Structure formats: structure tokens, C-alpha cells
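A.B. asks: First, the structure itself, so that you have it in front of you.
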Amino acid sequence: MTSPQTEKTGIKVIVVGAGFGGLTAAIECHRQGHDVEIYESFPKLKVLGDIISFGSNAGRIFHRWSDGKVTARLRPLSINLEKYGFRIHKYDTGEVVYHQPRQKPDPLAPVLNGHRGELHQVIFEYAKNDLGIPIHLGQIVSEYFEGEEKSGIVLANGEKVVGDIVIGADGVRSKARQLVLGYEDKPKSSGYAVWRSWFPNTDMIADPRTKEFCENGDTFNGWIGPDVHFLFSTIKNGKDCCWVLTHRDEHDIDESWSFPAKIEEVFEVLKGWDPLCTTIVEKTPKDSLVDWKLVYRDPLPTWTSKHGRIILLGDAAHPFLPTSAQGATQAMEDGVNLAVCLKRAGRENVPAAARTHQDIRYDRVKAVQKTGETTRDLWHNTDWEKVKKNPSTIAFPREQWIHQFDAEKHAEEVFDSAFEKHSTSG
Ligand SMILES: Cc1cc2nc3c(=O)[nH]c(=O)nc-3n(C[C@H](O)[C@H](O)[C@H](O)COP(=O)(O)OP(=O)(O)OC[C@H]3O[C@@H](n4cnc5c(N)ncnc54)[C@H](O)[C@@H]3O)c2cc1C
């Protein structure tokens, strides 16, 4: 594994969006010697969201940042299932049908699942304070432009910023996507939505029926039923509680990630289920319940603009279903790969670097995206007779080809052959 180049490449990278995708792209561009700045619309950092998962393929990326300094900050905020594992229940009887042990931990590639806002804050502060990457907050990017030699953005205040490449890491409602595609790409309903909540354990620990989840460290339980699954975890030594319930939803979609939701609707779906599920949901403070519609997009034909100087990254290029548990991780892998391609191609070959990046990433991302559907369908159409005979068939799949992947090593290895096709076409 080559160490990243610390020599400056002279490539000026503009990143739009300071989500996990944009922050990783910026950190990796910094590691590879590019000159990078981030423009983000939110005016100040807020700890938003609930549970988010980072597989070991993301842990490997985090771990390389300042030799484990960042993972050391993330670990205390993340769930620790060393003792408890993952317990999968049949929805109606509540019996544990499979006890899935925790993955064998790899200290160089830890699995880190925790509160999205808390983990995000660590990465944001690392980029800004430890590395000194300029992050311009409160800057809405209203236009993107590009030519053969340069590309850039126009901010809402009219200011123009020019660079060698713009990374549109602006999330599911990406503006950059429209420019890259030349048309508006409408999302479709996936037919599912997720109710989700994160709250302190106060009521949970006070109830004898639920206190076991908060008293002995972290826990993770799932109830699997027809077209519905309910996941419940306790985190930070049982201090915080989080549940997510995926269910059918045919309402109009909006790409916002969260709406306020009504708890009565959750109870309705849980009728006939193990009463423990309702007991858990009852503890949810009213204002902490959100309804997240799961949108789906057909894979975009391209992530790269006409001149190769604007590239989509993360959710802007490829939204994921939560059942893949890989959305944020794949956004991170994008950033690693792109930063390597830019370094290897050099400033005179930025468009070819962007196209090479897309070629390296496209099929892998598509295949990982598919796992969101396969896991959901596996759970929602469970054959309980089959599970009785072979309980591990209901396990949450942890495929090696996804989790053992080293995005940086892979990019370095395949770059030359992938670049060849684009280096002459510019
Ligand atoms: C507030 C929020 C909360 C979330 N909570 C969860 C959660 O609880 N669990 C979960 O699994 N996933 C959550 N997600 C989604 C998850 O973070 C992403 O799916 C994943 O991390 C991929 O990240 P991304 O960087 O591609 O996109 P995002 O994380 O969506 O980041 C995109 C960023 O671009 C910024 N942006 C958008 N348009 C503009 C513009 N015109 N100008 C400047 N900046 C712009 C946005 O403000 C945002 O910060 C959340 C996303 C957001 C934005």
C-alpha cells in the first residue's frame, strides 16, 4: 500500500456539501495533496439524524486519518455489540430465532454505528480544525458551470468560485445532478418508509419489561415480519435508545429525509406483534419520531459532466436503501477513489481522472445498492419453516466483497488500466 503523496498536486477541488460524502472527499483530497475547499448550505453545524451505519470498509478509511486518531474519537460514540451480538426475533411469537454474533473485529477496519449527528460532528471538526480545510457554511450553491479548462460554482450571493473540478456531494436533492444529466431526474417511491427515533433511556430503564436493554451495555434486536421489520438498539453503554421500523408506504414522496410522524400509526402496524415491540415504541418522546420516505432512483447513466469537470458523489449520484447499511460508506469510498484518481492523473488530466473514477466505481456501487433490496426482501418474505431448519438464513448478510474492500488500495491497483482508455480522449 503506497502512502499518500504529501506533495502538492496543484489541483484545485471545490466540494459542494459537507455530509459524510463531501467531508470524506475533502479529507482524502487533502491527504492526496490537492487544494480543497467545501461550500455547505447549512449555516451552522447541528447534531441531526439518528442511527447511521459504517461498515468495516468505511472503518478502514477512518482509521487511516491521522493513524487512528479519528477512529479513537468515533469508537466511544458507536455501538459495542461484543457481548450481545444481534438477536433476531419472529415478529408474532417474539422468540429469538437466530443469535448472530458480532463480526470478528479488525482494529484497522472497525465497524462504527452510532448517532449520525454525533459521528458527523467528529468528522466535520477533524476536517476543519485538525486539517484546516476551509469549510464555508451558510453558502447555498445556486449554479454550476464548466468549460474545457475550468469549472466552478455560483453562490446565492452571486459570488463565483473557480477550480479544476467541482464535486457535487449535495445529497439526494442534488442540484449538481441536473447539470450533469442535462435533465431533472425525478425520484420514485420505493414503496417503503421508515419510522425512526433516537432518545435517552429514562423511561426504558424505569420499566421492568425493558430495563434489561439498558443495564448491561449495548444491545441490538430485530423483529422480522411480513413486509415489515423493526430494529431496536441501545447505544453508549445502554444510555441512548434507537429504533427504526420499515413498512409499506404508498404516500406521495418527498425527498426530505424526515417528517414528523404519528405514533398511533406505528401501533397500528404493530398489531398482532410481540407486545414487547409496542412497549418499546411507547417510550418514544412525541417530538423524536420521524417518518422517512425511502426514495429510489434508477442508476444514473453518468456521474460526470460533459467536460468532465463536475462529478457527482455520494447520495447525489446513488441513494441507498437503509437495509444495505452502506449509503454513507459508499459515499466515503467515492471520495477515496476520486482523490487517488486525481493524484495519479495529474492536473493536466482532470477530466480523464473523473471519467476513470466513474469507471472504477460504477459497477461496485450498483451491486452494493442492490443489497438494500435483497436484504429487505429476504426479511419481508421470510419462510419460517426454512428458518426453523437453518436459522442462519435469516442473518443480516455481511458480504466479504463489500466489507473487506480497501478503496484506496483498489484505486491504486486498477488506476493505470482504467485510465488508459480516457488518457488519450482527454
Ligand atoms: C440532516 C441530515 C440527516 C440525516 N440523517 C440520517 C440518519 O439519521 N441516518 C441515515 O442513515 N442517514 C441520514 N442521512 C443521510 C446520510 O447522511 C447520507 O445518506 C449519507 O451519509 C451520504 O452522504 P452525502 O454526503 O452523499 O449526502 P448528505 O449527507 O445528504 O449531504 C449533502 C450535503 O449537501 C448540502 N447541500 C445540499 N444542497 C446544497 C447546495 N445547493 N449548496 C450547498 N450545500 C448543499 C446539504 O446541506 C448536506 O449537508 C441524513 C442526511 C442529512 C443531510
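A.B. asks: Find the residue count for the stretch 15-48, including only residues that are near the ligand (Cβ under 6 Å from one of its atoms) and either in contact with a strand residue (DSSP E or B) (Cβ under 7 Å, 6 or more places away or on another chain) or not assigned by TED's automatic domain parsing to the domain that holds residue 337 (or both).
C.D. replies: The total comes to 5.
A.B. asks: Can you tell me which residue within the stretch 46-74, out of those that are open to solvent by 20 Å² or more (accessible area, probe 1.4 Å) and under 22 Å from residue 322 (Cβ atoms), is modelled with the highest pLDDT?
C.D. replies: First, the residues of the stretch 46-74 that are open to solvent by 20 Å² or more (accessible area, probe 1.4 Å): 46-49, 51-53, 60, 63-64, 66-67, 69, 72-73.
Right, trim to under 22 Å from residue 322 (Cβ atoms) and you get 46-49, 51-53, 60.
Details: 46: 87, 47: 88, 48: 86, 49: 86, 51: 92, 52: 95, 53: 92, 60: 98.
Checked the stretch 46-74; the qualifying residue modelled with the highest pLDDT is 60.
A.B. asks: State which residue is most open to solvent (accessible area, probe 1.4 Å) when the search covers only the stretch 103-122 and only residues that are among the hydrophobic types (A, V, I, L, M, F, W, C) and either outside the structural domain of residue 22 (by TED's automatic domain parsing) or more than 10 Å from the ligand (Cβ to nearest atom) (or both).
C.D. replies: 108
A.B. asks: Taking the residues in the stretch 136-155 that are part of a strand (DSSP E or B), free of Cβ contacts under 8 Å to residues at least 40 places away in the same chain and under 17 Å from residue 12 (Cα atoms) as candidates, determine which candidate is most open to solvent (accessible area, probe 1.4 Å). Reasoning before the result, please.
C.D. replies: Narrowing the stretch 136-155 to residues part of a strand (DSSP E or B): 136, 141-146, 151-155.
Cutting the leftovers down to free of Cβ contacts under 8 Å to residues at least 40 places away in the same chain gives us 142-143, 145, 154.
Next, only the ones that are under 17 Å from residue 12 (Cα atoms) stay: 145, 154.
On the way: 145: 59, 154: 21 Å².
Step by step, filter the stretch 136-155, then rank; the result is 145.
A.B. asks: Now for a separate question. Being in a strand (DSSP E or B) and in contact with a Leu (Cβ under 8 Å, 6 or more places away or on another chain) is the filter here; which residues of the stretch 192-218 pass it?
C.D. replies: Answer for the stretch 192-218, where residues must be in a strand (DSSP E or B) and in contact with a Leu (Cβ under 8 Å, 6 or more places away or on another chain): 192, 193, 194, 195, 196, 197.
A.B. asks: Moving on to the next point. For the stretch 22-45, name all the residues that are open to solvent by less than 50 Å² (accessible area, probe 1.4 Å) and assigned to a helix (DSSP H, G or I).
C.D. replies: Result: 22, 23, 24, 25, 26, 27, 28, 29, 31.
A.B. asks: Now for a different question. How many residues does the stretch 281-303 hold that are assigned to a strand (DSSP E or B), touching a Pro at 6+ places or on another chain (Cβ under 8 Å) and not aromatic (Phe, Trp, Tyr)?
C.D. replies: Looking only at that region, the number is 4.
A.B. asks: Now, a different point. Return the residues of the stretch 1-18 that are surrounded by 24 or more Cβ atoms within 10 Å (Cβ to Cβ) and either under 17 Å from residue 408 (Cα atoms) or not aliphatic (A, V, I, L, M) (or both); say none if nothing qualifies.
C.D. replies: 17, the sole residue that qualifies.
A.B. asks: Let me ask something additional. From the list 95, 125, pick out the single residue that is within 16 Å of the ligand (Cβ to nearest atom) and open to solvent by 70 Å² or more (accessible area, probe 1.4 Å).
C.D. replies: Of the residues listed, the single one that is within 16 Å of the ligand (Cβ to nearest atom) and open to solvent by 70 Å² or more (accessible area, probe 1.4 Å) is 125.
So that you can scan it fast, the table gives a plain yes or no per residue for (1) aliphatic (A, V, I, L, M); (2) over 26 Å from residue 305 (Cα atoms); (3) modelled with pLDDT under 95:
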| residue | (1), (2), (3) |
| --- | --- |
| 92 | no, yes, no |
| 101 | no, yes, yes |
| 106 | no, yes, yes |
| 110 | no, yes, no |
| 115 | no, yes, no |
| 134 | no, no, no |
| 149 | no, no, no |
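A.B. asks: Could you count how many residues in the stretch 188-213 are within 16 Å of the ligand (Cβ to nearest atom) and open to solvent by 30 Å² or more (accessible area, probe 1.4 Å)?
C.D. replies: Qualifying residue count, the stretch 188-213: 1.
A.B. asks: Would you mind telling me which numbered condition in (1) open to solvent by 20 Å² or more (accessible area, probe 1.4 Å); (2) more than 15 Å from the ligand (Cβ to nearest atom) residue 164 fails?
C.D. replies: (1)
A.B. asks: Of the numbered conditions (1) over 18 Å from residue 58 (Cα atoms); (2) not in a helix (DSSP H, G or I), residue 398 satisfies every one except a single condition; which is it?
C.D. replies: All conditions pass for residue 398, except number (1).
A.B. asks: For residue 265, state whether it is surrounded by fewer than 19 Cβ atoms within 10 Å (Cβ to Cβ), among the acidic types (Asp, Glu), under 23 Å from residue 379 (Cα atoms) and modelled with pLDDT under 95.
C.D. replies: For residue 265, the condition - surrounded by fewer than 19 Cβ atoms within 10 Å (Cβ to Cβ), among the acidic types (Asp, Glu), under 23 Å from residue 379 (Cα atoms) and modelled with pLDDT under 95 - is met.
The values are calculated or read from the model by the stated rules, or taken from the named source; none is laboratory data. The model shown is predicted, which means the values in this text are computed figures rather than measured ones. Cβ sites come from the backbone with ideal geometry, for glycine too, and all protein chains shown count toward neighbours. Heads up: the accessible areas ignore ligands, DNA and RNA and are worked out on the full protein's heavy atoms, side chains in. Shrake-Rupley method; radii C 1.70, N 1.55, O 1.52, S 1.80 Å.
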